[in-house]
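Please read the structure below before turning to the comments.
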Amino acid sequence: MKEEIIYHIDQNVLELNNPVMIVGLPGVGHVGKLVADHLTEALDAQKVAEVYSEHFPPQVMVKEDSTVELVGNRLYLARTEKTDLLILAGDSQSNDPAGHYKLCEIYLDFASQFKVKRIFTLGGYPTGVMTDENYVIGAVNNADLIEELKEKGIQFNPSEPPGGIVGASGLILSFAKFRNIDAACLMGTTTGYIADPKSSKVLLGKLCGILDIEVNMDALDEKIKDMDQIVEKIKDSVSGEESDEYYESPATDEDLVYFG
(Lines give C-alpha, C1' and ligand atoms only; values in the text may rest on other atoms or scores of the structure.)
Protein backbone atom coordinates (compact mmCIF):
# COMPACT_ATOMS: atom_id res chain seq x y z
CA MET A 1 0.00 0.00 0.00
CA LYS A 2 1.81 3.12 -1.21
CA GLU A 3 -0.48 5.63 0.51
CA GLU A 4 -1.41 5.77 4.17
CA ILE A 5 -5.10 6.06 3.34
CA ILE A 6 -6.79 4.96 0.14
CA TYR A 7 -10.40 5.79 -0.63
CA HIS A 8 -12.67 5.61 -3.63
CA ILE A 9 -15.87 7.59 -4.20
CA ASP A 10 -18.62 6.64 -6.62
CA GLN A 11 -18.66 9.57 -9.03
CA ASN A 12 -22.17 8.67 -10.23
CA VAL A 13 -23.89 9.79 -7.02
CA LEU A 14 -26.33 12.58 -7.90
CA GLU A 15 -27.23 15.59 -5.78
CA LEU A 16 -28.63 14.52 -2.41
CA ASN A 17 -31.81 15.62 -0.67
CA ASN A 18 -31.17 17.22 2.73
CA PRO A 19 -28.35 14.75 3.49
CA VAL A 20 -27.60 13.62 7.05
CA MET A 21 -24.50 11.59 7.92
CA ILE A 22 -24.72 8.64 10.33
CA VAL A 23 -21.49 7.20 11.77
CA GLY A 24 -21.62 3.77 13.40
CA LEU A 25 -18.20 2.15 13.75
CA PRO A 26 -17.06 -0.61 16.13
CA GLY A 27 -16.93 0.46 19.77
CA VAL A 28 -18.38 -0.34 23.20
CA GLY A 29 -20.95 -3.14 22.88
CA HIS A 30 -20.87 -2.62 19.10
CA VAL A 31 -23.96 -0.50 19.75
CA GLY A 32 -23.30 2.04 17.01
CA LYS A 33 -22.00 -0.55 14.55
CA LEU A 34 -25.13 -2.69 14.92
CA VAL A 35 -27.32 0.33 14.18
CA ALA A 36 -25.32 1.38 11.12
CA ASP A 37 -25.20 -2.17 9.73
CA HIS A 38 -28.93 -2.59 10.31
CA LEU A 39 -29.74 0.68 8.55
CA THR A 40 -27.72 -0.25 5.47
CA GLU A 41 -29.61 -3.53 5.16
CA ALA A 42 -33.10 -2.38 6.13
CA LEU A 43 -32.96 0.67 3.83
CA ASP A 44 -31.26 -1.20 0.97
CA ALA A 45 -28.40 1.32 0.96
CA GLN A 46 -25.88 1.44 -1.88
CA LYS A 47 -22.14 1.71 -1.31
CA VAL A 48 -20.77 5.04 -2.54
CA ALA A 49 -17.28 5.11 -1.00
CA GLU A 50 -14.76 2.85 0.72
CA VAL A 51 -11.72 3.56 2.87
CA TYR A 52 -8.63 1.39 3.44
CA SER A 53 -5.72 2.39 5.63
CA GLU A 54 -2.51 1.12 7.17
CA HIS A 55 -3.97 2.45 10.42
CA PHE A 56 -6.48 -0.42 10.39
CA PRO A 57 -5.57 -3.92 11.66
CA PRO A 58 -3.47 -5.95 9.20
CA GLN A 59 -6.12 -8.49 8.32
CA VAL A 60 -8.85 -9.46 5.89
CA MET A 61 -12.44 -10.45 6.68
CA VAL A 62 -13.68 -13.82 5.42
CA LYS A 63 -17.15 -13.58 3.85
CA GLU A 64 -19.92 -16.21 3.73
CA ASP A 65 -18.71 -17.45 0.34
CA SER A 66 -15.18 -17.94 1.79
CA THR A 67 -13.71 -15.06 -0.22
CA VAL A 68 -11.85 -12.34 1.62
CA GLU A 69 -12.21 -8.58 1.90
CA LEU A 70 -9.60 -6.16 3.20
CA VAL A 71 -10.52 -4.59 6.54
CA GLY A 72 -11.94 -1.14 5.86
CA ASN A 73 -14.86 1.21 6.30
CA ARG A 74 -17.56 2.05 3.81
CA LEU A 75 -19.97 4.91 3.13
CA TYR A 76 -23.50 3.98 2.06
CA LEU A 77 -26.35 6.04 0.64
CA ALA A 78 -29.93 5.34 1.72
CA ARG A 79 -32.72 7.48 0.30
CA THR A 80 -35.85 8.18 2.37
CA GLU A 81 -38.81 10.46 1.69
CA LYS A 82 -37.59 13.32 3.88
CA THR A 83 -33.82 12.96 3.84
CA ASP A 84 -30.96 11.07 2.27
CA LEU A 85 -28.74 9.23 4.73
CA LEU A 86 -25.00 8.79 4.29
CA ILE A 87 -24.13 5.89 6.60
CA LEU A 88 -20.51 5.29 7.55
CA ALA A 89 -20.11 1.67 8.64
CA GLY A 90 -17.35 -0.89 8.59
CA ASP A 91 -14.88 -3.14 10.32
CA SER A 92 -12.56 -1.06 12.44
CA GLN A 93 -11.39 2.17 13.97
CA SER A 94 -7.77 3.22 13.85
CA ASN A 95 -5.09 1.30 15.73
CA ASP A 96 -3.25 4.49 16.66
CA PRO A 97 -3.97 8.14 17.59
CA ALA A 98 -2.52 9.63 14.39
CA GLY A 99 -4.76 7.37 12.33
CA HIS A 100 -7.87 8.54 14.20
CA TYR A 101 -7.13 12.13 13.23
CA LYS A 102 -6.31 11.35 9.59
CA LEU A 103 -9.31 9.06 9.08
CA CYS A 104 -11.75 11.46 10.71
CA GLU A 105 -10.58 14.18 8.34
CA ILE A 106 -11.37 11.84 5.44
CA TYR A 107 -14.84 11.17 6.87
CA LEU A 108 -15.45 14.92 7.17
CA ASP A 109 -14.24 15.39 3.59
CA PHE A 110 -17.06 13.04 2.57
CA ALA A 111 -19.54 15.09 4.59
CA SER A 112 -18.35 18.34 3.00
CA GLN A 113 -18.35 16.92 -0.51
CA PHE A 114 -21.96 15.77 -0.17
CA LYS A 115 -23.01 19.04 1.54
CA VAL A 116 -24.05 17.38 4.80
CA LYS A 117 -25.48 19.84 7.34
CA ARG A 118 -25.85 17.47 10.30
CA ILE A 119 -23.95 14.42 11.57
CA PHE A 120 -24.94 11.82 14.16
CA THR A 121 -22.20 9.59 15.54
CA LEU A 122 -23.46 6.48 17.34
CA GLY A 123 -21.92 4.44 20.12
CA GLY A 124 -22.36 2.65 23.41
CA TYR A 125 -22.11 4.09 26.93
CA PRO A 126 -20.70 1.46 29.34
CA THR A 127 -22.45 1.20 32.71
CA GLY A 128 -20.97 -2.11 33.86
CA VAL A 129 -24.42 -3.16 35.09
CA MET A 130 -26.94 -5.60 33.61
CA THR A 131 -30.32 -3.86 33.31
CA ASP A 132 -33.54 -4.07 31.32
CA GLU A 133 -33.77 -0.29 31.09
CA ASN A 134 -31.72 1.27 28.32
CA TYR A 135 -31.58 4.96 27.48
CA VAL A 136 -29.54 7.25 25.24
CA ILE A 137 -27.06 9.91 26.38
CA GLY A 138 -26.03 12.74 24.09
CA ALA A 139 -23.12 15.11 23.51
CA VAL A 140 -23.09 17.88 20.89
CA ASN A 141 -20.77 20.34 19.20
CA ASN A 142 -23.46 23.06 19.23
CA ALA A 143 -25.46 23.79 22.39
CA ASP A 144 -28.44 24.81 20.23
CA LEU A 145 -29.02 21.10 19.51
CA ILE A 146 -29.58 20.13 23.14
CA GLU A 147 -33.22 21.17 23.60
CA GLU A 148 -34.18 19.75 20.22
CA LEU A 149 -32.67 16.37 21.10
CA LYS A 150 -34.07 16.39 24.63
CA GLU A 151 -37.55 16.60 23.09
CA LYS A 152 -36.73 13.38 21.24
CA GLY A 153 -35.81 11.56 24.45
CA ILE A 154 -32.04 12.06 24.50
CA GLN A 155 -30.56 12.61 27.97
CA PHE A 156 -27.81 15.13 28.66
CA ASN A 157 -25.86 14.76 31.90
CA PRO A 158 -23.15 17.25 32.94
CA SER A 159 -19.62 16.05 32.14
CA GLU A 160 -20.76 12.62 30.91
CA PRO A 161 -19.11 10.41 29.87
CA PRO A 162 -16.64 11.22 32.67
CA GLY A 163 -13.61 10.08 30.67
CA GLY A 164 -14.68 11.87 27.49
CA ILE A 165 -15.33 10.24 24.13
CA VAL A 166 -12.35 8.49 22.55
CA GLY A 167 -12.28 7.63 18.87
CA ALA A 168 -14.24 8.66 15.80
CA SER A 169 -17.52 9.29 17.63
CA GLY A 170 -15.93 12.12 19.58
CA LEU A 171 -13.35 13.49 17.15
CA ILE A 172 -15.89 13.85 14.36
CA LEU A 173 -17.94 16.21 16.54
CA SER A 174 -15.02 18.60 16.98
CA PHE A 175 -13.83 18.32 13.39
CA ALA A 176 -17.39 18.97 12.17
CA LYS A 177 -17.54 22.17 14.23
CA PHE A 178 -14.46 23.45 12.39
CA ARG A 179 -16.45 23.01 9.16
CA ASN A 180 -19.66 24.58 10.52
CA ILE A 181 -21.51 21.25 10.52
CA ASP A 182 -23.80 20.52 13.49
CA ALA A 183 -23.04 17.13 15.04
CA ALA A 184 -24.23 15.03 17.97
CA CYS A 185 -22.98 11.81 19.53
CA LEU A 186 -25.80 9.49 20.64
CA MET A 187 -24.72 6.78 23.11
CA GLY A 188 -26.92 3.86 24.10
CA THR A 189 -26.32 2.54 27.62
CA THR A 190 -24.84 -0.96 27.73
CA THR A 191 -22.86 -3.17 30.10
CA GLY A 192 -19.82 -2.85 27.86
CA TYR A 193 -19.06 -6.58 28.19
CA ILE A 194 -20.71 -8.02 25.07
CA ALA A 195 -22.34 -6.95 21.80
CA ASP A 196 -25.66 -5.38 22.78
CA PRO A 197 -28.48 -5.43 20.19
CA LYS A 198 -31.00 -4.36 22.87
CA SER A 199 -29.18 -1.08 23.35
CA SER A 200 -28.84 -0.75 19.57
CA LYS A 201 -32.61 -1.10 19.13
CA VAL A 202 -33.26 1.63 21.70
CA LEU A 203 -30.68 3.87 20.02
CA LEU A 204 -32.12 3.18 16.57
CA GLY A 205 -35.61 4.04 17.83
CA LYS A 206 -34.41 7.42 19.10
CA LEU A 207 -32.53 8.09 15.87
CA CYS A 208 -35.60 7.27 13.77
CA GLY A 209 -37.61 9.69 15.89
CA ILE A 210 -35.07 12.44 15.33
CA LEU A 211 -34.96 11.82 11.57
CA ASP A 212 -38.71 11.16 11.31
CA ILE A 213 -38.25 7.89 9.44
CA GLU A 214 -39.49 4.33 9.92
CA VAL A 215 -37.19 1.32 9.82
CA ASN A 216 -38.11 -2.36 10.16
CA MET A 217 -36.37 -3.78 13.25
CA ASP A 218 -37.12 -7.49 12.83
CA ALA A 219 -33.47 -8.38 12.23
CA LEU A 220 -32.43 -6.63 15.45
CA ASP A 221 -35.16 -8.49 17.33
CA GLU A 222 -33.65 -11.77 16.15
CA LYS A 223 -30.21 -10.67 17.36
CA ILE A 224 -31.75 -9.77 20.72
CA LYS A 225 -33.21 -13.27 21.09
CA ASP A 226 -29.85 -14.82 20.32
CA MET A 227 -28.08 -12.52 22.77
CA ASP A 228 -30.62 -13.25 25.53
CA GLN A 229 -29.77 -16.92 25.24
CA ILE A 230 -26.06 -16.17 25.53
CA VAL A 231 -26.61 -13.95 28.58
CA GLU A 232 -28.65 -16.66 30.30
CA LYS A 233 -25.85 -19.15 29.72
CA ILE A 234 -23.36 -16.70 31.21
CA LYS A 235 -25.56 -16.18 34.26
CA ASP A 236 -25.96 -19.94 34.71
CA SER A 237 -22.19 -20.37 34.65
CA VAL A 238 -21.73 -17.96 37.56
CA SER A 239 -23.21 -19.01 40.91
CA GLY A 240 -24.03 -17.58 44.34
CA GLU A 241 -22.60 -14.32 45.62
CA GLU A 242 -20.08 -14.15 42.79
CA SER A 243 -22.96 -13.91 40.31
CA ASP A 244 -24.63 -11.06 42.21
CA GLU A 245 -21.37 -9.18 42.46
CA TYR A 246 -20.58 -9.60 38.76
CA TYR A 247 -23.92 -8.42 37.44
CA GLU A 248 -24.98 -5.82 39.97
CA SER A 249 -21.87 -4.01 41.16
CA PRO A 250 -21.72 -0.44 39.81
CA ALA A 251 -18.91 0.55 37.49
CA THR A 252 -16.21 2.91 38.69
CA ASP A 253 -15.34 6.18 36.96
CA GLU A 254 -12.26 4.46 35.54
CA ASP A 255 -14.45 1.74 34.00
CA LEU A 256 -16.65 4.34 32.32
CA VAL A 257 -14.02 5.84 30.03
CA TYR A 258 -15.87 5.76 26.72
CA PHE A 259 -14.45 4.56 23.42
CA GLY A 260 -16.83 5.46 20.59
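Residues are listed down the side, and each one gets a yes or a no for (1) among the hydrophobic types (A, V, I, L, M, F, W, C); (2) surrounded by fewer than 18 Cβ atoms within 10 Å (Cβ to Cβ):
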| position | (1), (2) |
| --- | --- |
| Ile9 | yes, yes |
| Asn12 | no, yes |
| Val20 | yes, no |
| Gly29 | no, no |
| Lys47 | no, yes |
| Glu64 | no, yes |
| Leu77 | yes, no |
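Only residues that are among the small types (Gly, Ala, Ser) and under 17 Å from Ser92 (Cβ atoms) were counted in segment 157-179, giving 4.
For segment 99-130, a residue qualifies if it is among the hydrophobic types (A, V, I, L, M, F, W, C) and touching an Asp or Glu at 6+ places or on another chain (Cβ under 9 Å), and the qualifying residues are Phe114, Ile119, Val129, Met130. Cβ separations smaller than 7 Å between residues 6+ apart or across chains give the following pairs from segment 63-79 residues that are farther than 30 Å from Asn18 by Cβ and touching a residue at least 12 places away in the same chain (Cβ under 8 Å) to residues that are in a loop (DSSP other than H, G, I, E, B) and of a type in the set (Ser, Thr, Tyr): Val71/Ser92.
Taken over segment 32-52, the criterion of being small (Gly, Ala, Ser) and more than 15 Å from the chain's Cα centre (by Cα) is satisfied by Ala42, Ala45, Ala49. A count restricted to segment 93-134 and to residues that are of a type outside the set (A, V, I, L, M) and under 25 Å from Val13 (Cα atoms) stands at 14. Inspect segment 60-80 for any residue being within 30 Å of Lys198 (Cβ to Cβ), of a type in the set (Lys, Arg) and touching a helix residue (DSSP H, G or I) at 6+ places or on another chain (Cβ under 8 Å) and give the result as yes or no. Looking for residues that are within 30 Å of Lys198 (Cβ to Cβ), of a type in the set (Lys, Arg) and touching a helix residue (DSSP H, G or I) at 6+ places or on another chain (Cβ under 8 Å), one finds none in segment 60-80, hence no.
Quickly run through segment 32-45 and pick out the residues that are part of a loop (DSSP other than H, G, I, E, B) and crowded, with 19+ Cβ neighbours inside 10 Å. Within segment 32-45, just Ala45 meets the criteria.
Every listed requirement among (1) in contact (Cβ under 8 Å) with a residue 24 or more places away in the chain; (2) surrounded by 14 or more Cβ atoms within 10 Å (Cβ to Cβ) is met by Gly164 save one, (2).
If you go through segment 81-90 and keep only what is modelled with pLDDT of 95 or more and out of contact with any helix residue (DSSP H, G or I) (no Cβ under 9 Å at 6 or more places or on another chain), you end up with just Asp84.
Here's the yes/no breakdown for (1) within 17 Å of the chain's Cα centre (by Cα); (2) under 19 Å from Leu203 (Cα atoms); (3) part of a loop (DSSP other than H, G, I, E, B):
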residue	(1), (2), (3)
Tyr7	no, no, no
His30	yes, yes, no
Pro58	no, no, yes
Lys82	no, no, yes
Leu86	yes, yes, no
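The values are calculated or read from the model by the stated rules, or taken from the named source; none is laboratory data. No experiment lies behind these values; they were computed from the predicted model shown. FYI the Cβ positions are ideal-geometry reconstructions off the backbone, even for glycines, and counts take in every protein chain you see.
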